[in-house]
Amino acid sequence: MISLGGAIGTGLFLGSGPAIHSAGPGGALVAYTVIGIMVYFIMTSLGELASFMPVSGAFSTYATRFIDPALGFALGWNYWFTWAMTLAAELSAATMVMKFWFPDSSSFLWSSLFLVLIFLLNYVSVKGYGEGEYWFSLIKVATIIIFIVVGILMIFGIMNGEAIGFKNFTVGDAPFAGGFLATLGIFIAAGFSFQGTEIVGVAAGESEDPAKNVPRAVRSIFWRIFLFYILAILVIGLIVPYTNGSLQGHTIMVSPFTMVFEKVGLAFAASVMNAIILTAVLSAGNSSLYVTSRMLYSMAKEGLAPRIFGKLNKRGVPIWGLVVTSLVGMLAFFASIFGDGVIYIWLMNAVGVTGFIFWLGIAASHYRFRKAYIAQGHSLDDLPYKSKWFPFGPIFSFALCFFVLLAQNYQAFIGDDINWASVFAAYLGIPFFLVMWLGYKFIKKTKVTPLEECQIDFDEHRNAK
């Protein structure tokens, strides 16, 4: 359920509308399909690594062992930064959601309440996180399935009387609007929407029988991406014309899901979708606190973070990682000073490109792992899960992520005056990562580990079994 729910968030419930409006239904489908294929390969790479070596600090550990300790250091802190900022952003988003029902309420009140709730879910035990994420994911999955079924019935006229058919795919410039550059812009948005699927790799270190369950989760990735994103966007594109100005919105009142449910005559759709989006927001916050504390724990054990983060409470939870990340989450409290929407945008800009950076790290780590595994004379038959299409998968994923990193926010460079503020906000994650990587490399004088010296630990493999 963690892997199922990881890819479903506000990116689908709210972000799919602007994507269709910008590039048309065809452009959105192409962008989400290509990024979905890339994520599938990323996850098969992670599946091979995590089923063989299940550790809580997956990305940092794999890069440290198979490429360079400096890269592992940078990826670990990059991942922590990404999800710590995401926690603050989701708390800010939760405040905006609650103001749908309570417009005059305090932002500080809702941010505090949800932070305490998420902290307690993680503090009680890893089971608390797992139970919370299970129910959050179940609600999201059920919503998507109901939405797709209702949408298909509307398209063929079984619900709401008139058959809609495919007429909205020929409205205006549909199915492709805005040309290649518009579709390229959706590549970036689609990538942000899919972030979170990799959490299953972090959870592998505490899951039951990872050698069996991690491959099961990975194998379902392609189908859930197809079902939850491709079919959902297809349904929206068929029912709501891309020229509908309401698709541009970023509030629950104009969520494309709400628009479809209202078309079928469900007057309470906005309130129901608001509640569901709240679960998606809390799910993202819950996962943020989980993965950041585990990443800090793993890095502390490897000497890449202060040792205090390696201490566990009696329930086996890395408590100091929870505390520090929660303190960062308090950035959301500034919403009461600067405004909810302003803080949310600032925080999401801070996250920026960092998601694509750790996907790059996963692809590169898997490529090096497989090469080292063969170079040291091991048999592929001993792997609990073998990634398909090697080496095409990690090479394709690396190349596409690199392209998206460079091309994102190309709009800032178009026109007579370059919007340097927009450029700084969008690309902030890249210099942060480079400073961490090159700074550690310079101070510690690290080198790329030769393939024959990479740590292929079969004891971890046996423990995984």
Report, in deg cm²/dmol and to the nearest 500, the calculated mean residue ellipticity at 222 nm for the chain, where each DSSP H run with n ≥ 4 adds -39500 (n - 2.57) and the sum is divided by the residue count.
-22000 deg cm²/dmol
Apply the a/c threshold of 1.5 to the C-alpha gyration tensor of the range 10-83 and tell me whether it is rounded, prolate or oblate.
prolate
Sort Phe356, Phe222, Phe180 by accessible area with a 1.4 Å probe, largest first.
Phe180, Phe222, Phe356
With at most 16 other Cβ atoms within 10 Å, longest stretch of the chain clear of loop GluC sites (Glu not before Pro) (DSSP)
209-465
Residue order for Arg315, Arg368, Arg294 - accessible surface, 1.4 angstrom probe, largest first:
Arg315, Arg368, Arg294
Relative frequency of Cα-Cα separations exceeding 14 Å in the range 72-155, percent:
76 percent
Given all pairs of distinct Cα atoms, the range 1-144 yields a Kirkwood Rh in Å of 18.1 Å
Show Val281, Val126 ordered by accessible area, largest first, where the area counts protein heavy atoms only and the probe is 1.4 Å.
Val126, Val281
How large is the Kirkwood hydrodynamic radius of the range 114-167, in angstrom, based on all distinct alpha carbon pairs?
13.7 Å
Starting from a Cα-only point model with no solvent, please compute log10 I(q)/I(0) by Debye for the range 187-322 at q = 0.12, 0.13, 0.14 1/Å.
-0.70, -0.78, -0.85
Expressed in angstrom and rounded, the centroid-to-centroid distance over alpha carbons for the range 203-217 and the range 173-197 is 32 Å
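The values are calculated or read from the model by the stated rules, or taken from the named source; none is laboratory data. Please read these numbers as outputs of a predicted model, since none were measured by experiment. Counting neighbours? That spans all protein chains shown, and the Cβs are built from the backbone with ideal geometry, glycine included. Remember, those area values only see protein heavy atoms, side chains included, never the ligands or the DNA or RNA. Shrake-Rupley method; radii C 1.70, N 1.55, O 1.52, S 1.80 Å.
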